[in-house]
Amino acid sequence: MAKKREFGERNQALSNLLLEGKLYYDWVVTTAFYSAIHFVEDFALPADINGKHCVDISDVKNAFQTEGRHAARERLVFAKIDTYVGVRYKWLDDHSRNARYKTYKAQASEALKAQEYLNYIHKHCYPIAEKENTDNKETT
């Protein structure tokens, strides 16, 4: 099975392509959120929560005693990463849910914000990789 980061970066690439093509802004937001799911789980897990060792989101759900995985993941982000990532993650969750279940008519500005928030989360979860990418671009 592929690693969470690989899944996240695959979704991120699709989100970027859709935004560049000015296509389906609802899916730009949705794929950005799905990317963020993989990044935050990859970064935050495994973790000890309420005296329990959690290796996956099901463990987190049980440790936090939440109703669902999305609620568990949100609590995980705020508890084990930080508030700045948490706020952006929650925005992506809320807006992708709106795009999926209420209206598919997302605006370009919403898609751009989703990309900005996803990039912030990615840089937080993989700061060394971001620095290496920047260094490689400067030397080529």
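The values are calculated or read from the model by the stated rules, or taken from the named source; none is laboratory data. Only a predicted model underlies this, so the values are computations on that prediction, with no experimental measurement involved. Here the Cβ positions follow ideal geometry from the backbone for every residue, glycine too, while neighbour counts run over all protein chains shown. Accessible surface is based on the protein model in full, side chains and every heavy atom, while ligands, DNA and RNA are left aside. Shrake-Rupley method; radii C 1.70, N 1.55, O 1.52, S 1.80 Å.
Descriptive notes on the structure:
A quick yes/no check of all residues on (1) closer than 21 Å to Ile81 by Cβ; (2) under 17 Å from the mean Cα position of the chain (by Cα); (3) touching a residue at least 40 places away in the same chain (Cβ under 8 Å):
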position: Ala13; (1), (2), (3): no, yes, no
position: Val29; (1), (2), (3): yes, yes, yes
position: Tyr34; (1), (2), (3): yes, yes, yes
position: Phe39; (1), (2), (3): yes, yes, yes
position: Ala47; (1), (2), (3): yes, no, no
position: Lys52; (1), (2), (3): yes, no, no
position: Ile57; (1), (2), (3): yes, yes, no
position: Asn62; (1), (2), (3): yes, no, no
position: Thr66; (1), (2), (3): yes, no, no
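- The number of residues in the stretch 73-85 being surrounded by 14 or more Cβ atoms within 10 Å (Cβ to Cβ) and within 15 Å of Asn119 (Cβ to Cβ) comes to 1.
- Residue, most open to solvent (accessible area, probe 1.4 Å), within the stretch 14-71, restricted to residues that are among the aromatic types (Phe, Trp, Tyr) and assigned to a helix (DSSP H, G or I): Trp27
- Within the stretch 25-72, the set of residues being more than 21 Å from Pro127 (Cβ to Cβ), among the charged types (D, E, K, R) and touching a Phe, Trp or Tyr at 6+ places or on another chain (Cβ under 9 Å) comprises just one member, Asp26.
- Hits in the stretch 86-105 - residues which are under 14 Å from Val28 (Cα atoms) and open to solvent by less than 80 Å² (accessible area, probe 1.4 Å): Trp91, Leu92, Asp93, Asp94, His95, Ser96, Asn98, Ala99, Arg100, Thr103
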